[in-house]
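Asker: Below are the structure tokens for one structure; questions will follow.
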Amino acid sequence: MKRILLVDDHQIFREALRGLLERMPELEVVGETGDGLAVFALVSELQPDIVCMDIGIPGRNGIEVTRQLMAAFPALKVIALSTYSDQIYVIDMIKAGAAAYVTKAEGGKELLRAIEAVSNGQHYFCPGVADVVTRAIISPKEQQKRALLGAREQQVLCLVAEGLNSPAIAARLGIATGTVDVHRRNILRKLGLHSAVDLTRYAISIGLVSG
């Protein structure tokens, strides 16, 4: 059972999110707040495993709160859940220690995938954010090459590099195994590579995963 704290200043959104998460038997929403100044005390009191963190919250923004939480609770997993997908917000949240980033526009399924990923010790970026992350860390030459890849192809590339096979990637992304295989073939063709080993080396060379 994963214990989750919701941090968002929109009560209606929090209620909808709670309703989604409470339908999952392996998840428990242990608390919620819309005040950035209240988060640290709630985490200390409730001991959640995961915090779903909005960025634009009153009192203290989500980036500052995340940085404070990770310094005090390094085992805690923070999932950024925001309307913002601008590079400055995404990168600042990652630097602050967020393990995943999902935009509110991507919907509940992406959040559930992020929860599953961080629960397994992995990072997760929704399709709308994956491209932002890769553009921020790769060279202009590699940016041109990676621009050939769609958002879903970039997600598949990251998961292949993490060692997941096609059925595991399909389960993670909620798509068919055959669709994953099509994405893999397209990625290899677009990048001029030939195997999963090549993809892993490529992902390491541009900093998508650690070697």
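Asker: Computed from the coordinates I sent, Kirkwood radius over Cα pairs in Å equals one of [x] 17.1; [y] 18.4; [z] 17.7. Tell me the label.
Answerer: Only one listed value fits the structure, namely [z].
Asker: Counting other beta carbons within 10 Å of each Cβ, put T103, T83 in order, fewest first. Mind showing how you got there, number by number?
Answerer: Values: T103 21, T83 13.
Result, fewest neighbours first: T83, T103.
Asker: Something else now. Equivalent ellipsoid semi-axes for the range 8-128, as square roots of 5 times the alpha carbon gyration tensor eigenvalues: give them largest first, rounded to whole Å.
Answerer: Listed largest to smallest, the semi-axes of the range 8-128 are 18, 17, 15 Å.
Asker: Please give the length that would be gained between S44 and R3 if that part of the chain were fully extended, namely 0.36 nm times their separation in residues minus their C-alpha to C-alpha distance (nm, one decimal). Working shown, then result.
Answerer: On the way: separation 41, 0.36 × 41 = 14.76 nm, distance 1.30 nm.
13.5 nm is the gain from fully extending S44 to R3.
Asker: Let me ask something else about it. Can you work out D for the range 44-106 in µm² s⁻¹ from Stokes-Einstein, where Rh is the Kirkwood radius over C-alpha pairs, the temperature is 10 °C and the viscosity is 1.306 mPa s?
Answerer: Calculated translational D: 137 µm²/s.
Asker: In the structure shown, do any of K77/K104; K104/K190; K77/K109 have a Cα-Cα gap over 27 Å, and if so which? Don't skip to the answer; put the middle values down first.
Answerer: Numbers: K77/K104 18 Å; K104/K190 30 Å; K77/K109 18 Å.
Correct reply: K104/K190.
Rule-based calculations on the coordinates, nothing more; no lab input. Source: prediction; values computed, not measured. Note that we place each Cβ from the backbone using ideal geometry, even for glycine, and neighbour counts take in every protein chain shown.
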